[in-house]
Every structure is written in structure tokens, then in C-alpha cells.
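To start, the structure itself, in C-alpha cells.
Read-outs throughout are calculated quantities, based only on the coordinates presented, and are distinct from any laboratory measurement. The structure displayed is predicted, hence computed values, not measured ones. Using ideal geometry, Cβ is built from the backbone for each residue, glycine included, and neighbour counts are taken over all protein chains shown.
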Amino acid sequence: MDQLTPAITFILLYGVSFGIVLFVISIGLVLTLGLMRIVNLAHGVFAVLGGYLAFKLPTLLGISFLASAVLAVLLVLLIGIFLERVFFRWLFGMSELEQVLATIGFCFAFIALLTFAFGPNVLATKYPEWLSGNISVLGRPFPVYRVFVMVVGLVILLGLWLLFDHTSFGATLRACVDNQSMAKATGINVNWYFSVAFAIGAGLAAIGGIVGAGMLPLEPLYPFKHLPLFLTIVALSGFGNIKASLVVSLVVGLVDTAGRYFVPELGAFTVFTLLVILVLWRPQGLLVGLK
Amino acid sequence: MEQNKLTFWRDRVGVIWWFMALACYFFFPDYRAFGASVLVMTLFALSFGLALGFAGIISLGHAMYFGIGAYVAGRLALAGWQEPISVVLISGSVTGVLAIGIGFVILRLSGLPLLMVTMGLSVIVFEAANKATSITGGDDGLSGISFEPVLGIFKWSLDGNVQFLYTLVWLAVVFLIARRLVASPYGLSMAGIRENPLRMKLLGAPVLRRLVIMYALCASLAGIAGALLTQITAFVGLQVLSLETSVDVLVMVVLGGAFSLYGALMGAPVYLIVKYVTQQWNPFYWMLVIGVLLMGVTFFLKGGIAAFLSRIFQNRHTG
């Protein structure tokens, strides 16, 4: 009993902080799938790009980590808008297979470019001093960094909740997700909402990439390596359901952490077994039909 | 008339393809070992092309069967069963039977969920193989594999002569079977299921059963390709089970053209040769090339190389 309580507390803490990173990275993916019906296998690109910029800019420009993180997110946001215009928009209406291929091609090309620019190895990521200490939880050390991740996650959650549930922008966006042609018929400029949602998704992925760099190390292969994880969340979330994707992300984060804690020799085995079972059980998404 | 022209075109491409494959054997003797591995991947791509192009089964986990076939062949050889042809057939049967079980469960899905589940399964198999070092050798793989001469006559050689011709014969046999299958009533009903599963069901076709049979057949061909890879390289590594291998084969098929059997035959060599050449310069360079190629094919060249060639050829004859 004395052993179990701290173990469970730590699994909860580590699992939730990991789940939050997954959630922040995957929101954009869930949105694009829900809004634009585009299976975007290149979404991890925005996360890794944000991470690289945030950790490279301080030395290049001589600015603090926080300033460079904000700058990186804004840059990725702009790049997201640009790419949506020149690339992702054109995938609309293609078959799932074609979307998979085009976006995985984009992903490959990006990985190559990132390697040319920064080399093939894992980027050394050093968070500033104030994030590197530990706090004490139940008499054991717990990294401040993980606390920071959870705080960032909560702020983003709050922001998204306000944006989606309490602004007319959010209501319009949800209308576009639920019934696109009806939204169009009422005079909503659906394409504009697509662009904005895509940019928001890209920016959030960048935040996820930056704050998550301590859990998902930044390297050129990042978008491909962690693709199964991001796709798991999207597959289980159903079309464009952000609340479901939060639940799913936390479940995946917790199961992965618990699995690695109790049976470390199984590695990623646990979480993917869960994925297969859940997708087979509810192919339309985990929470579909449970309002 | 139109139909005749099409078959004529196809046959001609076929003749040219097999002729070129043989020509490679004579003109590039230094590359026979590489050529044999290209032929194995072509066979693997053909197995995936059948599933994707003719049954409409999209999958990100086809390497699972390829890899299992490779490991079965490796284990058999290490256990002392070294007669090559029977080993290939056993490996193919194992993956085929496995796919019947898996198929009945997963082929109820389609589209994105199917993509996820196949990917999830292949990640699970990869992780399992990674941990089960006593069976798979883990990261080190299985080495020290040797096979008896083919038919008791042709000895495996270092320069890859036997390997090349042996895999070429296997590919030809499988290709003929596949072509026969696609043209059969069963193949036509497959096309119907691909285009409109609901309507086929309403017509009374046992959709799930037919899909499972097709899936098992493709898995068994993938297992055969895997076993051949073990035989020509005398080694099995974890790479055969990886997600990259599944993506590779998907790219090959689509690059070549998913809706023609020749798609796999053209996509695989083009992909592998581009990969081979560009990797000489920089290991990451091919990712850029293949990425751009993929985007190009989806946007500008629907139907891949096979459709492109067929368009050129038909223009020459009609116009």
C-alpha cells in the first residue's frame, strides 16, 4: 500500500503531462480531419518545426527562450497559413489514399530539408534554468518541467474552451464541422474558417513540439517516428471532436506511462494493443454516441 | 475492339518488362545481387497492389506479413529445413492462414480506421519481434542462415546469379497467377466490392468472405516475398517488419499505378533504383526525392507510371 499510492500518483502525473502534450499536438490534426476531411500525415511537421525554431532562435538572435518560443509559434502559424493555401487545401475532395500519400510525401521532403539544415541527430534541447529543477511530491522529486507542461496545457484548454464554446467564431467553426454544406448555404465563408482552423492547429502543434521536447525528442525523423501515436489519437477521437480528443490523449498518455512503468519490457506494445482494440470496438471514435 | 487494344498494350508492356529484367541480368552483372532484392520487393509490391488496387484494401501494415514470412524462412533454415522451394511455400502458407484470422476481424473496417488498425497491428508485431530476442534475434537479427541448392542443382552464389534468376522465376509464376485471378469472375467481383461494397452485398455477394480470401492470398504472397528475401540475403533483420517497409511498399505501388498489375512491376524498380542512386549521395536525399515524387504523383499523375505509359501508347494508336 505504501508503495502503490506514490506509484499511482506518479503514473498519473507523468501520464497526464504526456497526454497533454499529445493533445496539444493532435488538436490540429483532429480539426483538419473534422473540418476539411483531410488525413494529414504531415502534421508532426509543425510540431518539430516549432521545436527547432524555439531552440535555435535564442542563439541566433540572442533572445530569451520564452521570447523565441512565442516567435517560433507565430512563425509556424504563418507557415501553416501559407502551406494551407499552396498545398493542403488542394487535398480536399481527394480519396483517403491520395491524401495519405501526398501528405506522407510532404513529410518525407520536410524531413530531408530539416536534415540538410540541422543534421540528422537529435537536437540538444536545453530548457532555461527555471524549468530544470524538481519539486517534491510525496517526498519524491518531480520535475518542474512537467508541472510547466501541465500549466501550459491547462491554459490552452481554457483558451480552446472559451474560443469554441463561448465565441461566435467557435460556434461558426463547429457549424462548419457538423454540416459543411448547410454552413455554406447560410453564407458562412467556410474556406476562411478552414484556413484559420488550420493555422490554429499548426500553432498549437508548435507549442506542443516546444513544450513536449523533453518527452518527444526533436529530430528530423520526428514527424514520421511519432506518427502512429498522433494518428492513434485522431482515429479514436472521431471527426473533429475536440473534447473526445482530450479524453483520448489522456487515456493514451496514462496507458503508455503505466505500461512502461509496470511492464517496461513491452515498450510501445501496450498502447498499440489498446489502439487496435479500441478502434475495432468503436471505429467511428471512442466517444461517438456518448453525448 | 477497345478491349483488344488494351490487352494488346498490356501484353506488349509485359513482354518489354520481362525482356528488360533479363537484359539487366546480362548487362549489369555486377548488380545481380541488388537486382534480386529489387525483384523480391517487386513481388512484395505485387502482393500489396492486388490488395490495394483490386480489392481496395488500404493498409499501413503489409510489412507484417512480409516480415513474418522472412522470419519463418529464417527459423526453418536454422532448424535444419533448408530445401528452398518448400520453405517459401511454408512461409506463404503461414502468413496466409494468419491473415485469414486477422482479416475476419479487421476487414469489417474500411478507410481511416482500417489504416489505423493495420498500422497498430504491425507496430505490435514489430515491438513483439524486437523483444522476443530468442526467436528473432532482436536488433541483431538472424544470421548464419544457409539453404540447399535450388532443385538440388543450382548453388547459391556470391555474385547473385542464382538469386536473380530464382526470384525472377518466382515473380513470373506469381504474376501469371495474379493476372489470371484478376481476369477471373472472382476478380471481377473483387472490383465490384472495391467500387461499391454495399451494392455487392445487396446483390448477394459474401463481401466479407471474399475480401478475407483476397487479403489472405495477398498476405501469403507477401510471406513468399519475405521468405525469398531471407534466401537471397541469408539474413533477417527487424527492418522487414517496420512501418517504413509498409510505407515503402505503398509508395511503390502508387508510384507505379495501383489499378494495374504492371503498376507494382514498374513502381518497385523505379522506387528502389532512385533510392539506391540517391542514397549514394546522401542517406536523406532520397527522402526529398521520394517525397516530391509522391506529391507529384498524387497531384499530377493519377494512376502512376502505368497510367502515364498507357496514355502515351493509346495516343500514338488513336491519334
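For the residues A:137, A:24, A:211, a GNM of chain A with alpha-carbon springs under 10 Å puts the largest fluctuation on A:137.
Both numbers refer to the Cα atoms of segment A:9-281; Rg and Dmax are 18.4, 60 Å. With a ≥ b ≥ c taken as the square roots of the eigenvalues of the C-alpha gyration tensor of segment A:156-206, please select rounded if a/c is under 1.5 and otherwise prolate if a/b is larger than b/c or oblate if it is not? Here segment A:156-206 falls in the oblate category. Here the spin labels are modelled as points 7 Å beyond Cα on the Cα-Cβ line, and at residue A:171 and residue A:124 they lie 5.4 nm apart. Among the residues of A:87-94, the average count of other protein chain beta-carbon atoms within 10 Å of the residue beta-carbon is 1. If you take the Cα centroid of segment B:133-147 and the Cα centroid of segment A:220-280, the two points sit 30 Å apart.
Are there DSSP H segments in chain A that both extend 27 Å or more along their axis (alpha-carbon positions) and score a mean Kyte-Doolittle hydropathy of at least 0.5? List them, or say none.
In chain A, the long hydrophobic H runs are A:4-36, A:65-86, A:96-118, A:144-166, A:190-211, A:242-262.
For chain B, the membrane-span-like helices by this rule, meaning whole DSSP H stretches whose C-alpha atoms cover at least 18 Å of axis and whose Kyte-Doolittle mean is 0.5 or above, are B:32-49, B:63-79, B:84-106, B:111-131, B:161-183, B:207-233, B:243-256, B:261-281, B:285-300; this says nothing about an actual membrane. Classification of segment B:1-126 by its C-alpha gyration tensor yields an oblate form. The axis ratio a/c (a ≥ b ≥ c) is 1.5 or more, and b/c is at least a/b. Note on segment A:50-99: Rg/Rh from C-alpha atoms, Kirkwood Rh, equals 1.23. Report the net charge of residues surrounding residue A:183, where surrounding means a beta-carbon distance below 15 angstrom and charges are Lys +1, Arg +1, Asp -1, Glu -1. Once positives and negatives cancel, what remains is +2. Return the whole-Å distance between the Cα centroid of segment B:196-222 and the Cα centroid of segment A:94-152. One Cα centre to the other: 41 Å. Among B:47, B:184, B:122, B:189, a tally of other beta-carbon atoms within 10 Å of each Cβ gives an order, fewest to most, of B:184, B:189, B:122, B:47.
Calculated translational diffusion coefficient of the protein assembly as shown (25 °C, 0.890 mPa s; Stokes-Einstein with Kirkwood radius over alpha-carbon pairs) equals 95 µm²/s. Both radii are taken from the alpha-carbon atoms of segment B:10-241; with Rh as the Kirkwood radius, Rg/Rh is 0.99.
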